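The values are calculated or read from the model by the stated rules, or taken from the named source; none is laboratory data. None of these values were measured; they are calculated from a predicted model. All Cβ positions, glycine included, derive from the backbone under ideal geometry; neighbour counts span all protein chains shown. Note: areas computed on protein heavy atoms with side chains; ligands, DNA, RNA excluded. Shrake-Rupley method; radii C 1.70, N 1.55, O 1.52, S 1.80 Å.
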Amino acid sequence: MHEISVSEQYHILQREEPMSRVQMPFGEPAWLATKYADVKLVTTDQRFSRELAQGLDQPRMRRQQMGDGIMGMDPPDHSRLRRLVAKAFTARRLEQMREGVHDLVHRLLDDMQAHGDSADLVEELARPLPVTVICDLLGVPKEDHSIFSEWTQALVGDATAKGDVLDVYGDKLDDYVAGLVAQRREEPTDDLLGALVYARDAGDKLTEQELIAIAGAGLLTGGVETVSTALPSFVFTLLTQPELLAQLRANPDLMPTAIEELLRYVPINTAAMFARYATEDIRFGDVVVRAGDPVLPALHAANRDPEVFADPDRIDLTRSPNPHVAFGHGPHHCIGAQLARLELQEALKAILERFPDLRLADGREGVKWEYGVIVRGPSLLRIAW
């Protein structure tokens, strides 16, 4: 019997039931939006609210609900907080960071090579790279970087889906960030956390709780897991489709468009999340989503919509334009998307340059996968060179 892949299931839904009823492991029933146009509407239209979700039994993968922080807000409150954080992610500042990211990647690869002719890419590069970058941006002391790596990994993983890690790590993270905030009140700094503390104390309507949520769960968790999951997933994809690897080696200038195509094609999240609640009845074809109904936008399904992407289940490293929604869309589009792109570009470029004989050390079977409640990607990917 032919086993239907996830992509095939999405295509069937897009054709036959683009707005379908689903039941996540926890929370109330919801609608699942799989078509690109519907996903964009749900994530941008003001008739859909994240704020309404607060305090409700949101559809989710995990038993316990995480605090949504900035993801639980609608404009104008959301816009106000986003503007504060956006100052750290301007195009000019990010380009200034590129040299530092380049040097960090090569230092990590130097250390990796010093240990022999094979290594776990996840442990040696994919995790320490984004942890170091975001911790430096926020001003977290170097001696605490490994702690943050452990906490963020636990918070987004939790493959048991019981939510117990929130009790253990959530409070630890909040308490630690609160300690850093207190330090900056005593001794102001020019890092991002120092700027947020200044904004809070200067009366920019930033509450203490908002400040801690943005710096902790928002920036640290979001800023780490996308890259630490995507990078080994991208390397695995290229190593198991050697014609793509050869194409990218022969045309290194393709790296930016290649990263965009890999972001479109490779699912980073395990499931749709952050349901938007309808504030009024809204029609989608033959379906009417009633006021108060939650809708889950399936970003990965949208990225494979044949109405938007020609031959969507094939990787085309030259695909342009490529309006994928891997980083979300609308007001809640990932604020660190450009930083993630920069890290992925520099890391993948360095790996291909330094390892002309790059291969999977233990074959496909030796790769171990993490299917946590938020991210999907290799937890162990040994490469040899």
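At-a-glance table
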quantity	calculated
Residue 11, sole failed condition from (1) farther than 17 Å from residue 280 by Cα; (2) assigned to a strand (DSSP E or B)	(2)
Of all residues making up the range 39-67, the number that are farther than 23 Å from residue 375 by Cα and either in contact with a Phe, Trp or Tyr (Cβ under 6 Å, 6 or more places away or on another chain) or basic (Lys, Arg) (or both)	3
Qualifying residue in the range 55-70 (condition: over 20 Å from the mean Cα position of the chain (by Cα) and of a type in the set (A, V, I, L, M, F, W, C))	yes
Residue that is farthest from the chain's Cα centre (by Cα), among those in the range 36-54 that are of a type outside the set (A, V, I, L, M, F, W, C), farther than 30 Å from residue 310 by Cβ and open to solvent by less than 60 Å² (accessible area, probe 1.4 Å)	49
